[in-house]
Amino acid sequence: MLPNPRYEQVLAVILESTEDAIIGVALDGSIEMWSQGAELLYGYTAAEVTGHLLASLLPIYEAPKLQVVLAAAREGKIIDHDTVERLHKIGSKVSVAVRWTAMRDERGAVTGILEIGRATRQKTEDTPSETQLRLLVEQMPVLLWTTDQYLRITSNWGSGLQHSEIHAGDLVGRSVSEYLRCPDMSTTAMAHHYSALRGESVQFEYKRRDRVLDIHLEPLRSTSGEIIGCVGVGLDITQRKKTEEQIRYQATHDALTGLANYREFMDTLERELRRAERSHHSFTVLLLDVDDLKQLNDRLGHLAGNRALKRLAKVMKEQCRGTDLAARYGGDEFAVVLIDSDESLAQHVAQRIEACVREDEEEPRISVSIGMAVYPADGRTSQDLLETADQQLYGKKKIGRRRNVTVG
């Protein structure tokens, strides 16, 4: 704007006029000026709206039209006039005949638009069909939002997230990164919004705080087909994800011990074989067997045998690293994949497990035999590794039986 005292005086007189609603809007859509006529027409004071987006005063269907006007202004073009709808402070709609002129700096460059509006009819309540549509949109179990080309939210609707207090219009003026809590503009969620601005349709899952959203993005287009922002729909799928995780856990874990089951163990072993072959590193496999479990079951019952299995599983969880996989291999047999390990580390883990089981004073007392195989020294396939560990395991069990016979 021209820093001219006379100009400022003229502008002040115009803004004090109550005949027309005059709004100065920057190219990013934020309100810079607000006349007394605008206050009378829309119910807001200048202090309440200055710095906020003009989109916050628009019904959702008017947002694309405003984006077209702003996009044209950024290119130095001004759309002369139109009849639009605005929202009064009390929530009712106002039909307004507006005309737009350019605001320019001292070099003549467009810095914003001046919207001059006058009501074409008295404020009216929604028609029954409009009320029904508004209530439907507001209560949809999703969060809907539109953005401008700068990814600032221009409208939001829907009942939003569970346990959330986000209502229609609450997000207007905030950036997408602020709402989704993406401090880095290069994060996946922001990259997907930029893809929508390029005309792509995108779907992805995003975790916001303790909720998981299934987000669909589409480009927001003007009536001429020009992309002026994004349209986003976020569905809260937190409970569905929890259910899927529970189903997956039940499918991959042993119900009695909580360890991985045979299928998960074999899948992990095959993945580790492929990784080790690519990276040329070693890993180890342990096979464990509870000694004389059949006799324990015959003597004390299967409940006592199950408690013995759970005690061994507890020791295995405590002695394995977070990167390792402990599994119930079948019946009284257990297995461990020790990631990025060698023979020395595997022997150390096996000795710790044997010692913890031996020192456990809970009745009935149990013992465990452990066999080991090292990749690639003992084999390059899962079958070779398991056979080597199994042979070593039963070799130790035979030695244990002989010792018991000798002692007896």
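Read the figures in this text as sums done on the coordinates, not as results from a lab. Quick caveat, the model's predicted, so the values are computed rather than measured. Virtual Cβ from ideal backbone geometry, glycine too; neighbours counted across all protein chains shown.
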For this session: For residue 307 and residue 181, calculate 0.36 nm times their separation in residues minus their Cα-Cα distance, and state this gained length in nm to one decimal.
Result: 40.7 nm
Exercise. For labels at residue 362 and residue 89 in the simple 7 Å Cα→Cβ model, what's the distance in nm?
Worked result: 6.9
Problem set entry | DSSP-loop GluC sites (Glu not before Pro) across the range 347-381, with at most 16 other Cβ within 10 angstrom | 361, 362
Problem set entry | Separation in nanometres of the label points that stand 7 Å from Cα toward Cβ, at residue 40 and residue 174 | 3.6
Exercise. Residues with beta-carbon under 11 Å from that of residue 25, excluding residue 25: net charge, scoring Lys, Arg +1 and Asp, Glu -1?
Worked result: -3
Exercise. Residue by residue through the range 172-181, which ³J(HN,Hα) values in whole Hz follow from phi under the Karplus form 6.51 cos²θ - 1.76 cosθ + 1.60 (θ = phi - 60°), with glycine and proline marked x?
Worked result: 4, x, 8, 7, 4, 5, 5, 5, 7, 6
Problem set entry | Restraint check, 241/310; 294/397; 207/314, Cα-Cα greater than 23 Å | 241/310; 207/314
For this session: Count neighbours as other Cβ atoms within 10 Å of each site's Cβ, and list the trypsin sites (Lys or Arg not before Pro) in the range 188-266 that are DSSP loop with at most 11 such neighbours.
Result: 198, 209
For this session: Work out, step by step, the length gained on full extension between residue 78 and residue 240: first 0.36 nm times the residue separation, then minus their alpha carbon distance; give nm to one decimal.
Result: 53.5 nm
Problem set entry | Difference of contour (0.36 nm per residue) and Cα-Cα distance, residue 256 to residue 345 | 29.2 nm
Exercise. Taking θ as phi - 60°, what are the ³J(HN,Hα) couplings along the range 388-399 by the Karplus curve (6.51, -1.76, 1.60), each to the nearest whole Hz, with x for Gly and Pro?
Worked result: 5, 5, 5, 4, 5, 4, 6, x, 5, 5, 5, 4
Problem set entry | Cα gyration tensor shape of the range 235-360, rounded if a/c is under 1.5, else prolate or oblate by comparing a/b with b/c | oblate
